[in-house]
Amino acid sequence: MDLRFAVNDSAGANIRFLQFVHERPMHLVVVSHDLVDFAHVHPELAVDDAYEVRHVFPRAGVYRLFADYTPPGSGTRVDHFDVNVAGDAEPVHRLVPDHLLTHTAAGVRVALAFDHLPRARAKTFSSPRP
């Protein structure tokens, strides 16, 4: 599916050049509604001053897209929106609670630690621990 994004200034004109952050002007995160599918892609500047990328969605269903970019002279912006991908929908994968805070994947051990127990809709700040 071809995805196109236009970033407009306050007068409605397309902003041609965005600030490069992490070596790219725009980062697009694509996440399926059930959190099974995830992609991080980079739309590129097109001739009409919009940003575009071709993305193959792995299956039908609802996806949330997060466009992360920084207009010149502005702070970082993250816009999000949903896309409904047509086709025969597969059963939704149910999320299973995982109470373990340490996992190893691909030989890398990752531990999650909190200064305070996390709560829904509350910010959690923590500094890295040795």
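The values are calculated or read from the model by the stated rules, or taken from the named source; none is laboratory data. The shown structure was predicted, so the numbers you read here are calculated from the model rather than taken from an experiment. So basically every Cβ, Gly included, is an ideal-geometry build from the backbone, and we count neighbours across all protein chains shown. Just so you know, the surface numbers come from the protein's heavy atoms only, side chains and all, with ligands and any DNA or RNA stripped out. Shrake-Rupley method; radii C 1.70, N 1.55, O 1.52, S 1.80 Å.
Observations, loosely collected:
- Restricting region 9-68 to residues that are open to solvent by 30 Å² or more (accessible area, probe 1.4 Å), outside any strand (DSSP E or B) and touching a Lys or Arg at 6+ places or on another chain (Cβ under 6 Å), the residue that is modelled with the highest pLDDT is H42.
- Failed item, numbered, when R4 is tested on (1) in contact with a strand residue (DSSP E or B) (Cβ under 9 Å, 6 or more places away or on another chain); (2) of a type in the set (D, E, K, R); (3) open to solvent by less than 90 Å² (accessible area, probe 1.4 Å): (3)
- Of all residues making up region 83-92, the number that are open to solvent by less than 90 Å² (accessible area, probe 1.4 Å) and modelled with pLDDT under 90: 1
- Subset of region 69-93 [among the hydrophobic types (A, V, I, L, M, F, W, C) and in a loop (DSSP other than H, G, I, E, B)]: A86, A89, V92
- Applying a threshold of 9 Å to beta carbon distances and a minimum spacing of six or more residues, or different chains, the list of pairs starting in region 89-101 at a residue that is in contact (Cβ under 8 Å) with a residue 24 or more places away in the chain and ending at one that is in a loop (DSSP other than H, G, I, E, B) and open to solvent by 100 Å² or more (accessible area, probe 1.4 Å) reads V92/H33; H93/L35; L95/L35.
- The number of residues in region 94-120 being open to solvent by less than 100 Å² (accessible area, probe 1.4 Å), in a loop (DSSP other than H, G, I, E, B) and at pLDDT 90 or above comes to 1.
- Cross-chain or 6+ apart pairs with Cβ under 7 Å, region 6-26 first and touching a residue at least 60 places away in the same chain (Cβ under 8 Å), then part of a loop (DSSP other than H, G, I, E, B) and open to solvent by less than 50 Å² (accessible area, probe 1.4 Å): V7/I15; V7/L18; V7/P71; D9/I15
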